[in-house]
Ligand SMILES: *Cc1c(COP(=O)(O)O)cnc(C)c1O
C-alpha cells in the first residue's frame, strides 16, 4: 500500500467517531443503533474500495450521515411497491392483475387478525372443509354442483387433469394448445399431471369427428382450452362445448374446459367484449370448468374448479389438493369478492376491475385535459406533451384484439432521441410511487384508464 492510499485510508472516520457526530443522532433515532452501525460499516467498506480503485475518497465522504440515510432508506424500502399502472393493460400480470374490492381488503385484514372458521364447523363443532363456504357461493353463481379452490388456475388445471385422467389420453384441439405468460403451456401441464396429450384437428380447424376418431379405451378426458391470448381468424372451425358434451356422453367420457379468465357476468351489458361464462358451460353439461380468481373475476390470485359433485369429490380427495390448497387470506378475499356478485346491479361500483374496464373514454379525456397544463409546464421544454386518444387492453387472457377506447398523456422528446424517452421512463420508474407507462411509436404513453388518484400522480410527476 503506498503512502497516498494510506493517508486516504486514515481519513475514513471510525464508527464510534461518526456515531458521536450530531447529524448522526437523527439516523439512530430513525433506524435504531443496530442498522445505523451496519450502514456505517458498509460505507467504510465502500470508501476503502473507492480509494483502492480511484486513489480518492468518494464524493459523499463529506456527508456520511446523508449517505447512510440514503443507504438505509433504500434498504428498508419494500420490494413489493405500489405503482401507478398507466401501462394501458388493466389486468397486468406483472403488476399483480386485479385490484381488490374494499370488501375483500377488509375480509383479508380480519382473517389475518383473527382466528377464523377455516376448517371448523360451528354447528357440529366438527371439522368443516375449507372450501365449503365458497363452494356454496360458487354453486349459487354458476349452477355447478360443487367447487374446489386452489392457488391459481394453473394449479386448478394440473389438479383436474391429475385426478380425472392419470395415465390416460386427453384429447385437445391443436388450435387450443396455448402458452400463457411464459411458464404455463398446456402440453407441459398435461405431462406434469401424468396425462398423455392427444392433439386433434389442425391449427385453424377442428371438427367433432376429430375428437371421435381420437377417442379409444385409453382416453380419459375430452378437453377444451379457451384460447385467451390469441385469436385464429379466417378459415376456422372449432367444436363448441355443447357438441363435445354430447359426444362425451355417447362415449362415456368426461368433458372439461379451461376457461382461463371467464366472467361470472355478461360483460357485453357494460359495452365490453363478450367473454365466456362458466355458468353457460355448466348449463351445457361440461363436467369441469377451471378459471382464475384474479383475472376478470376481480379477486385474489386463486384457481377455481366448478363442476359435478362426482368429479369435484375426487379432486378434493387427491393428494395434490393438499399441496395446492388456498390459505385463509386467499379464501377470505375470494369469498368477499364472490359475495359482491350476489348483488350484480352494484358490481360496477363495488368491483374495481369492472369499474376500470367499463370506464368511459370521456372520463379519461377529462382527466387528461386537467393534467395537461401542469405537466407541460414541467416537461414542456424537453417534450411535446399531448392528450391523445388511445386503446387499452383488458389483459390476462382476454383477446388482445379487443381494445377499449381510452385517453392518454403522451410525451414525445423534442430531440427525437429514443434515449431521452427511455431516460424519462427510467426516471419515473424510480419515483417513490413509480409511474409505469408504455413506450410506443417514439412516445411515452400514460393511459389514464387505471388512474384513481390524480393529485398523487401530479405530486410524483412534478416532484
Ligand atoms: C391465465 C390462464 C391460465 C393460468 O391461470 P393462472 O391463474 O395465471 O395460473 C391457464 N389457462 C388459461 C386459458 C389462461 O388464460
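The values are calculated or read from the model by the stated rules, or taken from the named source; none is laboratory data. These numbers were taken from a predicted model, which means no experiment stands behind them. Cβ coordinates were reconstructed from backbone atoms using ideal geometry, including for glycine residues, and neighbour counts include every protein chain displayed.
Residue by residue, here is whether (1) in a helix (DSSP H, G or I); (2) in contact (Cβ under 8 Å) with a residue 24 or more places away in the chain; (3) under 30 Å from residue 438 (Cα atoms) holds:
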{"residue": "13", "(1), (2), (3)": "no, yes, no"}
{"residue": "25", "(1), (2), (3)": "yes, no, no"}
{"residue": "36", "(1), (2), (3)": "yes, yes, no"}
{"residue": "44", "(1), (2), (3)": "yes, yes, no"}
{"residue": "53", "(1), (2), (3)": "yes, no, no"}
{"residue": "67", "(1), (2), (3)": "yes, yes, no"}
{"residue": "79", "(1), (2), (3)": "no, no, yes"}
{"residue": "82", "(1), (2), (3)": "no, yes, yes"}
Report, by residue number, each residue of the range 431-463 that is assigned to a strand (DSSP E or B) and surrounded by 15 or more Cβ atoms within 10 Å (Cβ to Cβ). 435, 436, 438, 443, 444, 445, 446, 447
Being part of a helix (DSSP H, G or I), over 24 Å from residue 294 (Cβ atoms), in contact with a helix residue (DSSP H, G or I) (Cβ under 8 Å, 6 or more places away or on another chain) and at pLDDT 95 or above: is that true of residue 365 here? no
Which residues, taken from the range 261-286, are over 21 Å from the mean Cα position of the chain (by Cα), part of a loop (DSSP other than H, G, I, E, B) and buried (at least 24 other Cβ atoms within 10 Å of the Cβ)? 286
Using the structure shown, decide if residue 225 is buried (at least 20 other Cβ atoms within 10 Å of the Cβ) and free of Cβ contacts under 8 Å to residues at least 40 places away in the same chain. no
Would you confirm, using the coordinates I've provided, whether residue 104 is away from the ligand (no atom under 16 Å from the Cβ) and part of a loop (DSSP other than H, G, I, E, B)? no
Residue selected from the range 311-343 under the condition in a helix (DSSP H, G or I), away from the ligand (no atom under 16 Å from the Cβ) and free of Cβ contacts under 8 Å to residues at least 60 places away in the same chain, by the criterion nearest to residue 162 (Cα to Cα): 319
Evaluate the following for residue 258: is it away from the ligand (no atom under 16 Å from the Cβ) and not in a loop (DSSP other than H, G, I, E, B)? no
Just the residues that are within 16 Å of the ligand (Cβ to nearest atom) and either exposed (fewer than 14 other Cβ atoms within 10 Å of the Cβ) or without any contact (Cβ under 8 Å) to a residue 24 or more places away in the chain (or both), please, taken from the range 354-409. 401
Being more than 26 Å from the chain's Cα centre (by Cα) and not in a helix (DSSP H, G or I) is the filter; apply it to the range 141-166 and report the residue that is nearest to the ligand (Cβ to nearest atom). 165
Surrounded by 15 or more Cβ atoms within 10 Å (Cβ to Cβ) and outside any strand (DSSP E or B), is that true of residue 428? yes
Determine whether residue 274 is free of Cβ contacts under 8 Å to residues at least 24 places away in the same chain, touching a helix residue (DSSP H, G or I) at 6+ places or on another chain (Cβ under 7 Å) and more than 15 Å from the ligand (Cβ to nearest atom). yes
Somewhere in the range 111-123, is a residue within 16 Å of the ligand (Cβ to nearest atom), surrounded by fewer than 16 Cβ atoms within 10 Å (Cβ to Cβ) and either modelled with pLDDT of 95 or more or within 30 Å of residue 212 (Cα to Cα) (or both)? no
So residue 99 ticks every box in (1) touching a residue at least 60 places away in the same chain (Cβ under 8 Å); (2) in contact with a strand residue (DSSP E or B) (Cβ under 7 Å, 6 or more places away or on another chain); (3) surrounded by fewer than 23 Cβ atoms within 10 Å (Cβ to Cβ) but one. Which box is left unticked? (2)
Give 264, 247 a once-over and let me know the one that is modelled with pLDDT of 90 or more and farther than 25 Å from residue 402 by Cα. 247
Per the list (1) buried (at least 24 other Cβ atoms within 10 Å of the Cβ); (2) part of a loop (DSSP other than H, G, I, E, B); (3) within 13 Å of the ligand (Cβ to nearest atom); (4) at pLDDT 95 or above, residue check on residue 301 breaks on (1)
Checked the range 215-243 for anything more than 12 Å from the ligand (Cβ to nearest atom), outside any loop (DSSP other than H, G, I, E, B) and at pLDDT below 95; matches are 237, 241, 242, 243
